[in-house]
1. Report whether or not Ala328 is small (Gly, Ala, Ser) and within 20 Å of Trp372 (Cβ to Cβ).
2. Out of Ala219, Ala195, which single residue is buried (at least 23 other Cβ atoms within 10 Å of the Cβ) and touching a Leu at 6+ places or on another chain (Cβ under 7 Å)?
3. Mind listing whichever residues of segment 150-168 are in contact with a helix residue (DSSP H, G or I) (Cβ under 7 Å, 6 or more places away or on another chain), open to solvent by 10 Å² or more (accessible area, probe 1.4 Å) and closer than 21 Å to Val86 by Cβ?
4. Can you name the condition, by its number, that Ser212 falls short on among (1) without any contact (Cβ under 8 Å) to a residue 24 or more places away in the chain; (2) crowded, with 16+ Cβ neighbours inside 10 Å; (3) in contact with a strand residue (DSSP E or B) (Cβ under 6 Å, 6 or more places away or on another chain)?
5. Given the condition more than 30 Å from Ala93 (Cα to Cα) and modelled with pLDDT of 95 or more, answer yes or no: does some residue in segment 166-189 qualify?
6. Being of a type in the set (A, V, I, L, M, F, W, C), modelled with pLDDT of 95 or more, under 29 Å from Val231 (Cα atoms) and surrounded by 18 or more Cβ atoms within 10 Å (Cβ to Cβ) narrows it down to one of Ala337, Ala314, so name that one.
7. Kindly evaluate Gln136 against the criterion of being under 25 Å from the mean Cα position of the chain (by Cα), open to solvent by 40 Å² or more (accessible area, probe 1.4 Å) and not basic (Lys, Arg).
8. Can you work out which of the residues in segment 355-378 that are crowded, with 19+ Cβ neighbours inside 10 Å and of a type in the set (A, V, I, L, M) is nearest to the chain's Cα centre (by Cα)?
Amino acid sequence: MQTLAGKKILLGIGGGIAAYKCADLTRRLMERGAQVQVVMTKAAKEFITPLTMQAVSGRPVSDSLLDPAAEASMGHIELAKWADLVLLAPATADLIARIASGMGNDLLTTLVLATDAPIAVSPAMNQQMYRNQATQDNIATLERRGLHIWGPASGEQACGDIGPGRMLEPLQLVEFCEQFWAEKPLKGLSVLITAGPTREPIDPVRYISNQSSGKMGFALAQAAAQLGASVNLVAGPVSLDTPQCTNRIDVVSAQEMHNTVMQHAANHDIFISCAAVADYRPETIAEQKIKKKEGTDNMTITMVKNPDIVASVANMTDNRPFTVGFAAETQDVAHYARSKLNKKNLDMICANDVSIAGQGFNSNNNAVTLYWKEGEQSLTLASKEKIAQQILMCIAEKLNN
C-alpha cells in the first residue's frame, strides 16, 4: 500500500556518517509512493555521492546555491515551494546550529529559510556533541519554532561511543513520515500516563522496587503525542529519554506518584496507568543506614499498603477521565485482568504475561490483551512502539463510540 502516494519530500542530507543510510531511506519513501528530491551539503558529498542519490531518487541532486543553470530560474525558491515536507537527515550538530541561527550560507539552509512546508529534523552526531548544552539549546530553539524533531536513537556509534545521537533507521523515519500525514484520532484530547517503577525507601541507601524499565509507558506517551494528544507523563525512576512533545514529571515513590496523578487527572480526557507501582511500602523509614546485628540472621520490616492510583482515578466523581489500567501477570492472566477491570471500575485494562521470555519487563517487545466490559482484543508480539499505537487506536475507537 502506497501510504505516502503523491507526497513531495525534500530530503536534505547533512555531512555525517549516517548519510550512507539515505539511499535506503529514499528507496523506502519511494516504495510508499513519495516523490523524493535530494539536496546535499558540501560535507554530505564526502560520505555518499550525488550520483548514488540521483540513481535511487530518479532526480538530479541539488547541491549548490551558486549553480548558474539552476538559479537562472530561482531554483532554490522553486524547490522550497515544491516540497510538502522537508526532512533533514542526517542533521548534524553543525547543520542544526546553522538553521537555529537563521543562516542561509548554502543551498540547504537557504531552502529551510525559504520554504513554508513543515520541516522535520533527524539529529545524528556523537553522543557528547548531542549532549552539549549548545546543541540542546539549538534543538530547543527549533522545537519552539515548530520544527519536528525525530530522534535521535541511542546505541553504539561509529566512533565507538555509546549513547544518544544515532540517526533513526530508514524505516523508522518512513514511519514518522506516515504518521505525520496520518489521521490524528486523539487531536484535541489530553492524556495522562504513568510509567516505570516506584521506589519505596527502607533507609537512606536501600529501597524496594521492581524490574519495570518504563519502556511501555514511554512508548505510549510518544504514540499519544504522534496521534495528536497533549501528553503529561508521570515517570518513576528510569533512564529513558523524554518522548518528544510530552511534558515529563519525575517522581520516586508510589505516594508521590499518587499525589501527582490526583493533582492532574481531572484536567485530562484519558488516564493510562502503565507504571509498575509498589503495592506496599515500609511503615517507617530508618533515618540512618540499618546495620547488621551480630547473632541475628533475620530482619523484619513492617509494610503498609500504598494508595491504589488507578482505582483512585477510576472512582473520581468529577471530571473523571477514561481510565485504563495495566495488569502484569504470571498466571491466569485473563482471570486476574477481568477481576481488576471490574473491581477497580476501569474502562479498559491491558494485560500481559511477564513470565514469557522476550516480552514485558526490560524487553523492547510486548504482547497484550485488551479487556473492556463488552469484549477483548489480542495484540500479538510486536515492538512496544507498535503495541502502544494499537492500544491508543483502540482507546480512540472506544471514545468515539
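1. On the way: small (Gly, Ala, Ser): yes; within 20 Å of Trp372 (Cβ to Cβ): yes.
So Ala328 fits the description; yes.
2. On the way: Ala219 fails: touching a Leu at 6+ places or on another chain (Cβ under 7 Å).
On inspection, the qualifying residue turns out to be Ala195.
3. Within segment 150-168, Trp150, Pro152 qualify.
4. So the condition that Ser212 fails would be (1).
5. Yes: one or more hits.
6. Values: Ala337 fails: modelled with pLDDT of 95 or more.
Just one listed residue meets the conditions, Ala314.
7. Values: under 25 Å from the mean Cα position of the chain (by Cα): yes; open to solvent by 40 Å² or more (accessible area, probe 1.4 Å): yes; not basic (Lys, Arg): yes.
Criteria met by Gln136.
8. Of segment 355-378, the ones crowded, with 19+ Cβ neighbours inside 10 Å are 359-360, 366, 368, 370-371.
Now drop any that are not of a type in the set (A, V, I, L, M), which leaves 368, 370.
Working: Val368: 19, Leu370: 22 Å.
Residue satisfying both the conditions and the ranking: Val368.
The values are calculated or read from the model by the stated rules, or taken from the named source; none is laboratory data. Worth saying up front: this structure is predicted, and the values here are computed from it rather than measured. As a convention, Cβ positions derive from the backbone with ideal geometry for all residues, glycine included, and neighbour counts pool all protein chains shown. Side chains included, ligands, DNA and RNA excluded: accessible areas come from the protein's heavy atoms. Shrake-Rupley method; radii C 1.70, N 1.55, O 1.52, S 1.80 Å.
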